[in-house]
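**Student:** This is the structure I want to talk about, given as structure tokens.
The values are calculated or read from the model by the stated rules, or taken from the named source; none is laboratory data. None of these values were measured; they are calculated from a predicted model. Here the Cβ positions follow ideal geometry from the backbone for every residue, glycine too, while neighbour counts run over all protein chains shown.
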């Protein structure tokens, strides 16, 4: 399987891990590709760090196909720390990017040590993840969300309106929305396949049902290349992720909202924030709705804004006490 591209020849031990990661662990293709990229980067650094190649060789041309268990077992925690320093200083990796690289190394070494049993020690057992600052999610306000929906025009208006309505009401991931089939919808229930091929049910409110039904009335039926797909492109095939991203950006621009660098994922943040703030949805319900495996991921939506902080101050029973 081509995990990166045809120019990069992977070592057999990495191929075996990626096959395991993809099939047994059922990780998404995007996650598998990301881990493949991270580990190739790591192997290239190791070959330079250990003096196995000429330091003047172009980094992206370093061959890693000869990486074997003897090289992997020679790697200690100090080498891994040097690698993390390298991606921080030379490649400007953010803490979240470094955290993913730590996760890829841990998964790889855990597989070699505990599953394949081809190495005698696991240096990542003592490896800590970089501390991540708590970032507030970027989202549209309720008024901005309404403004976005009201601004949708064009020859694909009903399709685009249904897409953005689903984003704003259901908090779907981009890939989840692109992969919706017509038969995934039963009455007010939508079945989606999320990360790790996990299936979950999303309930459709009246706005979603009406938007989908309005779109289905005009959705083409003749010469359709993927008859199961709910959303079609102008070429009558399943709409692509890139096309959905373009659609969202176009309508954000038309609504004069593009200056905040919103995206399809920001619409997912918007749905979660609006449900939590206005719908009073509890954190566990929100976790299940969004398909988060860990509630800590969902907790970013429990943030409060300045208005809430000011309101809390004025509601203090001592707020009117005067000297």
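**Student:** Looking for something closer than 21 Å to residue 60 by Cβ, in a helix (DSSP H, G or I) and either in the same structural domain as residue 24 (by TED's automatic domain parsing) or in contact with a strand residue (DSSP E or B) (Cβ under 7 Å, 6 or more places away or on another chain) (or both) - is there at least one such residue anywhere in region 111-129?
**Tutor:** Taking every residue of region 111-129 in turn, none turns out to be closer than 21 Å to residue 60 by Cβ, in a helix (DSSP H, G or I) and either in the same structural domain as residue 24 (by TED's automatic domain parsing) or in contact with a strand residue (DSSP E or B) (Cβ under 7 Å, 6 or more places away or on another chain) (or both).
**Student:** Among the residues of region 173-192, which ones are closer than 16 Å to residue 216 by Cα and assigned to a helix (DSSP H, G or I)?
**Tutor:** Selection gives 177, 178, 182, 183, 184.
**Student:** Something else now. Kindly indicate which of 161, 203 is under 21 Å from residue 258 (Cβ atoms) and either surrounded by fewer than 13 Cβ atoms within 10 Å (Cβ to Cβ) or assigned by TED's automatic domain parsing to the domain that holds residue 270 (or both).
**Tutor:** Going through 161, 203 in turn, just one is under 21 Å from residue 258 (Cβ atoms) and either surrounded by fewer than 13 Cβ atoms within 10 Å (Cβ to Cβ) or assigned by TED's automatic domain parsing to the domain that holds residue 270 (or both): 161.
**Student:** Quick check: anything in region 210-220 surrounded by fewer than 16 Cβ atoms within 10 Å (Cβ to Cβ) and over 18 Å from residue 183 (Cα atoms)?
**Tutor:** No, that holds for no residue.
**Student:** OK, next. Within region 90-98, does at least one residue satisfy the condition of being in the same structural domain as residue 17 (by TED's automatic domain parsing), closer than 20 Å to residue 10 by Cα and either modelled with pLDDT of 90 or more or assigned to a helix (DSSP H, G or I) (or both)?
**Tutor:** There is no residue in region 90-98 that is in the same structural domain as residue 17 (by TED's automatic domain parsing), closer than 20 Å to residue 10 by Cα and either modelled with pLDDT of 90 or more or assigned to a helix (DSSP H, G or I) (or both).
Here's the yes/no breakdown for (1) within 27 Å of the chain's Cα centre (by Cα); (2) part of a loop (DSSP other than H, G, I, E, B):
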| residue | (1), (2) |
| --- | --- |
| 8 | yes, yes |
| 34 | yes, no |
| 37 | yes, no |
| 46 | no, no |
| 56 | no, yes |
| 66 | no, yes |
| 70 | no, no |
| 86 | yes, no |
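**Student:** If I ask for residues that are more than 17 Å from the chain's Cα centre (by Cα) and without any contact (Cβ under 8 Å) to a residue 12 or more places away in the chain, which ones from region 186-215 would you list?
**Tutor:** Scanning region 186-215 gives 186, 187, 191, 206, 210, 213.
**Student:** Looking at residue 272 and the list (1) without any contact (Cβ under 8 Å) to a residue 60 or more places away in the chain; (2) crowded, with 18+ Cβ neighbours inside 10 Å; (3) farther than 17 Å from residue 152 by Cβ, which single condition is not satisfied?
**Tutor:** With respect to (1) without any contact (Cβ under 8 Å) to a residue 60 or more places away in the chain; (2) crowded, with 18+ Cβ neighbours inside 10 Å; (3) farther than 17 Å from residue 152 by Cβ, residue 272 is out only on (1).
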